Amino acid sequence: MPSSILPSVAVTSPSSYSLTLTLVFAAALVISLLLRLWLATRQIRHVAQHRGAVPAAFAANITLAAHQKAADYTIAKARLGLLDLALGGAVLLGWTLLGGLDALNQVLMNALGGGMVQQLALLAGFMLISSVIDLPLTLYKTFVLEERFGFNKMTFKLWLADTLKSSVVGAIIGLPIAALVLWLMGASGRYWWLWVWGVWMGFNLLMLLIYPTFIAPMFNKFQPLDDESLKNRVTALMQRCGFAAKGLFVMDGSKRSAHANAYFTGFGAAKRVVFYDTLLRQLDPGEVEAVLAHELGHFKHKHVPKRIVSLFAMSLAGLALLGWLSTQGWFYTGLGVIPNLGGEMQAPNDALALLLFMLVTPVFSFFLSPLMAQLSRKHEFEADAYAIAQTNGGDLARALLKLYKDNASTLTPDPLYVKFYYSHPPASERLARMGASA
């Protein structure tokens, strides 16, 4: 397959560029790891220090036992996160500067030669090896940590079935899309990234349409909401808010976890309202209505399309950057990979470029986390205010308290950890804002 990247790879770029990239990447990785470590230890220490007493604002509704369970659960997850952090850093170094991706590429080049098959094999091999590396922590989190706190309801058989189904679905959908992207990178000239961006945008919009109807039912059962009283109440709320949905469904989330949730899924006429069965068991009708009103608030304020537009804008910028980097030899050598230099097979570098960019980008984008988290929390406050305007504010407050309790969400997170990571405001801030709005 001809490649627009191969002829223009600047293999004679000064070695200083390569060394500079190596040093910048290594420094960013070390700084991000140290920052993550510092934030995690702050969170563990802060939650542990406040474990002994329920905050005064919650004393009438949350027992000491529930508060301590939430603290212990939060600390256990944070400690597991430290192990995940160390493993992730080591694996990233292994793939890049220590030569893992280069070795995998060379093995597949020798076995398959250059071309589309080798590139797809490189992508698939990378995903498979990464999944195997992540497997022990995934199993521990599900069958040890979540089990210890009473949240896991999944059997190993169900986990295995889910894993197999998701792998098959991922391959059926992912491999053709990957092949199309690689073909566009090689055949559509210097501005291939515009064509790839168009495909990526279309694919994401298509998934919003087909996921609720075809993919989600492969993993969960979705039954129409049969509680007529609740159904009438919810329908009246949606009509009041000018919202139309294709249906109201109850999902059997309890077969996997005791955590509760509700969400909208789909796009346009395919939108669905989905309640976890665990949510309906925990909340009374007024509280369910208030939770739904909160979700409607996101649509009223157009948070979902705004996030989609932001995602597409960042994707376009990222692909444009990749379009330039993929032609620079130092981009590969600075990250521990020798680019395919052609010869008789004219082997392209497209899959290598994609994987390197995918590996490196999170290291730098991590530093934007506080901005993204702050925007998300702002959206949550707006959705809360909308819910209070449409329903009973007391119902929303009680619903949130029940969900914080039943999901063992700590009431005393570290403030700096919140600013950096939390997509939802902590309970104290949300309830205080509700009180001010009521």
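Coordinate-derived values only; no laboratory data. These numbers come from a predicted model, not from an experiment. Reconstructed Cβ throughout: ideal geometry from the backbone, glycine too, with neighbour counts over all protein chains shown.
In the chain, the DSSP-assigned H stretches of four residues or longer account for a calculated mean residue ellipticity at 222 nm of -22500 deg cm²/dmol, using -39500 (n - 2.57) per stretch and the full residue count as denominator. Around the amide H of Asn61, modelled in the peptide plane, lies no amide H under 5 Å away from a residue 5 or more places distant or on another chain.
Take the alpha carbon atoms of segment 56-135, find their center, do the same for segment 195-264, and report the distance between the two centers in whole angstrom. Distance between centres, Cα-based: 28 Å. Counted by neighbouring Cβ atoms within 10 Å, the residues Thr333, Thr361 run from fewest to most as Thr361, Thr333.
Using θ = phi - 60° in the Karplus curve 6.51 cos²θ - 1.76 cosθ + 1.60, the 3J(HN,Hα) couplings for segment 310-318 round to 4, 4, 5, 5, 5, 5, 5, 5, x Hz; x is entered for Gly and Pro.
With a cut-off of 14 Å between beta carbons, the residues surrounding Tyr73 carry a summed charge of +3, where Lys and Arg count +1 and Asp and Glu -1.
With an a/c value of 1.5 or above and a/b larger than b/c for the gyration tensor axes a ≥ b ≥ c computed over the alpha-carbon atoms, the chain is described as prolate. Listed from fewest to most Cβ neighbours within 10 Å, the set Met185, Met434, Met238 follows the order Met238, Met434, Met185. In a DSSP loop and with at most 13 other Cβ atoms within 10 Å, the trypsin sites (Lys or Arg not before Pro) in segment 106-199 are Arg190.
Rounded to the nearest 10 degrees, the angle from helix 192-210 to the longest Cα principal axis of the chain is 30 degrees. In the chain, the longest principal axis of the Cα atoms and the axis of helix 116-140 are about 40 degrees apart.
Just check segment 208-290 against the gyration tensor rule for me: Cα atoms, a ≥ b ≥ c as the square roots of the eigenvalues, rounded for a/c under 1.5, and otherwise prolate or oblate depending on whether a/b exceeds b/c. Judged from the Cα gyration tensor, segment 208-290 comes out oblate (a/c at least 1.5, b/c at or above a/b). Selection among Trp200, Pro212, Val234 by position relative to the dipole of segment 178-250 gives Trp200 as farthest towards the positive end (Cβ unit charges, Cα centre). Computed from point charges on the beta carbon alone (+1 for Lys and Arg, -1 for Asp and Glu), the dipole magnitude for the chain about its Cα centre is near 740 Debye. Once the Cα atoms are used to define both axes, helix 285-300 deviates from the longest principal axis of the chain by about 40 degrees. Residues Tyr421, Tyr276 in ascending order of nearby Cβ atoms (within 10 Å, fewest first): Tyr421, Tyr276.
Distant-in-sequence amide contacts of Gln328, defined by a placed amide H-H separation under 5 Å and a gap of 5 or more residues or a different chain, comprise Ala10.
Charge dipole (Cα centre; +1 on Lys/Arg Cβ, -1 on Asp/Glu Cβ; no other charges) of segment 197-259 amounts to roughly 80 debye.
Beta bridges per DSSP, both residues in the chain: antiparallel share near 60 percent.
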